[in-house]
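A short write-up of the structure that comes next.
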Amino acid sequence: MSDSAPNATLFLEKRSYRRRRLKDALRLLPVVGVLLWMVPVLWPSGASHPADPTPVAMSSAITYVFVVWVLLILAAAALWWVIGERGSAETDP
Amino acid sequence: MISVNQLLGVSLAYVAFLFAIAFFAERASIRGKGSWLRSPMVYTLSLSIYCTAWTFYGAVGYAARSGMEFVTIYLGPSLVMIGWWWVLRKLVRIGRAQRATSVADLISARYGKSNLLAIVVTVMAVIGVTPYIALQLQSVTLSLSIFSEPGQPDSLSQAAAAFWVAVGLVLFTVLFGTRNLNANERHDGVVIAIAVEAVVKLVALLAVGVFVVWGVAGGIGPMMERIDNSTIGEWSMDRSRWAALTVLSAAAFLALPRMFQVMVVENEDERHLQIASWAFPLYLMLMSLFVVPIAVIGLDILPAGSNPDLFVLTVPLAEGQGGLATLSFLGGFSSATSMVIVATLALSTMVSNHVVMPVWLSTQGTGAQVSGDVRNVVILARRASILMIIFFGYVYYRLSGGGAALAAIGLISFVGVAQFLPAMLGGIFWRGATRWGALAGLIVGFAVWVFCSLLPSFGPDAVLSAAVFEQGIGGVSWLRPQALFGIEGIDPTVHAMVWSLSLNLAVFVAVSLATFPTPLERLQGAQFVNIFDHSTQARGWDAALATSEDLMIMAQRILGPADALSLFRAEAKRQGLTGHLPEPTQGFLQTLERELSGSVGSATAHAMISQLVGGTSVSVEDLMAVADESAQILEYSNRLEAKSAELSRTARQLREANQKLTALSVQKDAFLGQISHELRTPMTSIRSFSEILRDTDTLDQAEKTKYASIIHGETIRLTRLLDDLLDLSVLENGQVSLNLENGNLNDVIAQAVLSAGGAHTTRLRIHHMQSDQDVPLSTDLDRLRQVFINLITNAQKYCVAATPELTVEILQQGGGLQVVFHDNGVPIPSEARALIFEKFSRINDKDGSGAGLGLAICREIMTRLGGDITYEPRADGNAFIVHLPGRVALAAQ
């Protein structure tokens, strides 16, 4: 998007480079979230057949979903802390 | 047990508290002390209107029925918030830049400010959100009914309770939602009330949850055991629903009108969004943290058959915690009311801006030129819309009978509003999206939703007959509402979502690819998609047609006299004008349009200004920019080409000038040699003869006279030469004073011919073509005569024909006169023509008797007289043309 301006320089100084990578992380975070939260789709569910594997216990399911949630929140907050501290998000170097 | 009356008392006190908070927030904001009202915290809390009574009551019921599936409704929004960089950042920036007042406004602005599109979106939004509002009324009345004991005389009937709740909501929304007109001025009172309600519902749910986990179950460990041992203790999930509901909730989060209202319209600072990107998922996480424990305990301790949607209330009541139950009731009440208030606010803005105002303006005939204050009409329209929307919700509640599970109603609504998503996201990410594509996609998606989700929700034989469910419309089996295209066995919600959204998207893309957008649409599309590249408006108004007074009158009616005046004053000041009326420049008209669109929506504002101005000017440059991506490069290269052409032209001129200068310099050198020779020859003879006269004593009288005559003749020649030089220098310096006389051109020519030696006395024959009538003129006759004499003597000297002839002719040319001296000599060679009027220029000068000043003097004289002298080669000789200006000829008449 706005990062790929035609006159952008090819190599950046260390701080700008770090900010770019932080923004990459920012972009990547929801993708990670989707992948982690779609894991439950793979879990065995509703043992209707004796041969089916044992279903995941509800307590484990709750723990998994909420731990992912907390981790995502912490990651988002950390990214805000690091990026937000150094000025507004849209002023690309 | 708390009685209904006590509960009503608490509720009224709570509502009064909310009113007070909203009121003081508005006051603080008006007095300019409202900055704390606009903190990131308040922004995050206001986003919590996503969590409605459906969340508060319905989530627990949902969990009791389907286990962890309820959480998908929060996973979607969490992902959207965490991924704010992708979509929300752009949406908020566009919404702020375009001063969008609603989803409908945003979509209509993107697609060329099409009001048709805005109307369609508005109607769809009203229909889509109505079940949701009914859901809130239903949850409040359900929760009230828990507290009323059956058979008690003061117990309210549910219908009456719903009615009074609706009335209260209308009152609050009208009071705080339509106080100020400009939707972009934001509703501080409403936002702060919502933030407070967000805290109340979170605290209430957490309190119940903490009580259940630590008070009833006895800690986290025992709680987890009870969960695993309950009926929902095993992971049992319809996999398609898990994924589909996550996507659906994310889509609805973006497309819900009320979310757009708090997220984009009420956004004060884009940085708040970044804070909300983690704070709001945190809120959602806390809201859903205790849902499963409450559901499990409810299933455990309450008798079978109790409504799981009300566990949040019934569990504390069953444990004898009246205070906690009251808090919980207030939490649910808060969820319901805040959602209804914001949703109706957002919808009423849409209805009044896109339906009522355009209709009203067109019925006024003269459009924007109406008299009176339009603001009253807008505010009235909004209040009426609020009333109408809440009334619709009430009617839906009565019709649906309040029987269905809360979650089911909520999902129907979600699928409905998710239909905006393709047009919305397509509009901000894809420049190829067109108005017709958006319209077709919306209508198809909406139609599928109505058929597959809304109408079946009333149950078989309510709207759709059971036969349609079984066999499809008209017996066509692939047109069954819950098995489109004959594909059976899909969960109804997933079915409706997948088909409506995918058909919507497919039609949107296909029609967009096939149609061609209007210029305005393409410009807006570029604005939206490239919002981070340039935040300026590309198109402008043809400002010359609008008068500032008209604009002022219109602005006053919409913005109010004080605001309009200050806006115009500020602009006039910026333009450096005194008074309050600025020039209607393009920039000002754009500013004005945006201000107006904050009040009445972009389509209406655009229409109003275009009525005054007469239409947008999509300038040639704009069209170029639209027509070709590389237009800028093209334009640049065109400019370069023009520049280089200009440069080469200049270079050519310089080269010519240089050649002329060089030639002149050569001429001058030649002349200096010539003039030295000219001066030296007579001087030599003067010196020689004067020496003879001085030194020779034997000269007789005749010889003396002869020598003295020679000396005299040579001095005359010298004097003439010096006279000529002096004359020219006087003329060139402009020091000459003209002696204006009246005379006749024929006479002047005749005198000149005589002075030059007569028409027949010399070898040159002069034909003076006398004109029939007198040609009177008023000029310096002596000077004019001098010019004529010069031309005649030139002909005498240089005409080399066997029988030299000169024809003098007077021509009337336009308003002026031309005197043509036409000889039959050899034409002047072309390379010499450019120089003949220059000083010291001599051609064909065989005897060297001339100084080369005659024609230069002629030209100077003619310039002084206001005329000109030019040379034209003729087939049989040369023609010198003396141009006399009209005023010289006419002045004497």
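Annotations for the structure displayed:
- Inspection of the range B:82-99 finds a residue satisfying the criterion of being more than 14 Å from chain A (Cβ to nearest Cβ) and touching a Ser or Thr at 6+ places or on another chain (Cβ under 7 Å).
Each row is one residue, and each column tells you yes or no for (1) among the β-branched types (V, I, T); (2) at positive phi; (3) not in a helix (DSSP H, G or I).
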{"site": "B:I675", "(1), (2), (3)": "yes, no, no"}
{"site": "B:S690", "(1), (2), (3)": "no, no, no"}
{"site": "B:D727", "(1), (2), (3)": "no, no, no"}
{"site": "B:L738", "(1), (2), (3)": "no, no, yes"}
{"site": "B:G743", "(1), (2), (3)": "no, no, yes"}
{"site": "B:Q770", "(1), (2), (3)": "no, no, yes"}
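- Filter result (among the charged types (D, E, K, R) and either touching a residue at least 24 places away in the same chain (Cβ under 8 Å) or part of a helix (DSSP H, G or I) (or both)) within the range B:33-43: B:R38
Here's the yes/no breakdown for (1) surrounded by 15 or more Cβ atoms within 10 Å (Cβ to Cβ); (2) at pLDDT 70 or above:
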| site | (1), (2) |
| --- | --- |
| A:S45 | yes, no |
| A:D52 | no, no |
| A:T63 | no, yes |
| A:A76 | yes, yes |
| A:G87 | no, no |
| A:P93 | no, no |
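- Matching option when the condition is modelled with pLDDT of 80 or more, hydroxyl-bearing (S, T, Y) and not in a helix (DSSP H, G or I), among B:T662, B:T698, B:T715, B:T684: B:T698
- Residue list for the range B:67-118, restricted to those being more than 22 Å from B:Q419 (Cβ to Cβ) and of a type in the set (D, E): B:E69
- Identity of the residue in the range B:231-247, more than 53 Å from the chain's Cα centre (by Cα) and of a type in the set (S, T, N, Q), that ends up farthest from the other protein chains (Cβ to nearest Cβ): B:T231
- Pick from the range B:25-39, criterion within 29 Å of B:L289 (Cβ to Cβ) and buried (at least 17 other Cβ atoms within 10 Å of the Cβ), ranking: modelled with the lowest pLDDT: B:L37
- Flag if B:I675 is at pLDDT below 85 and either surrounded by 13 or more Cβ atoms within 10 Å (Cβ to Cβ) or closer than 21 Å to B:H712 by Cβ (or both): yes
- Check on B:S709, surrounded by fewer than 16 Cβ atoms within 10 Å (Cβ to Cβ) and part of a helix (DSSP H, G or I): yes
- All conditions but one from (1) within 14 Å of chain A (Cβ to nearest Cβ); (2) in contact with an Asp or Glu (Cβ under 7 Å, 6 or more places away or on another chain) apply to B:D228; the one that does not is (2).
- Residue within the range B:305-316 that is at negative phi, within 14 Å of chain A (Cβ to nearest Cβ), buried (at least 23 other Cβ atoms within 10 Å of the Cβ) and touching a residue at least 60 places away in the same chain (Cβ under 8 Å) present: no
- Any hit, the range B:44-52, residues being part of a helix (DSSP H, G or I), within 14 Å of chain A (Cβ to nearest Cβ) and either modelled with pLDDT of 85 or more or within 23 Å of B:A408 (Cα to Cα) (or both): yes
- All conditions in (1) surrounded by fewer than 17 Cβ atoms within 10 Å (Cβ to Cβ); (2) over 16 Å from B:M862 (Cβ atoms); (3) not basic (K, R) hold for B:D782, with the sole exception of (2).
- Of the residues examined, B:R639 is one that is modelled with pLDDT of 75 or more, under 30 Å from the mean Cα position of the chain (by Cα) and part of a helix (DSSP H, G or I).
The values are calculated or read from the model by the stated rules, or taken from the named source; none is laboratory data. It should be emphasised that the depicted structure is a prediction, and the values quoted were computed from it without experimental measurement. Ideal geometry is used to build each Cβ from the backbone, glycine not excepted, and the neighbour counts take in all protein chains shown.
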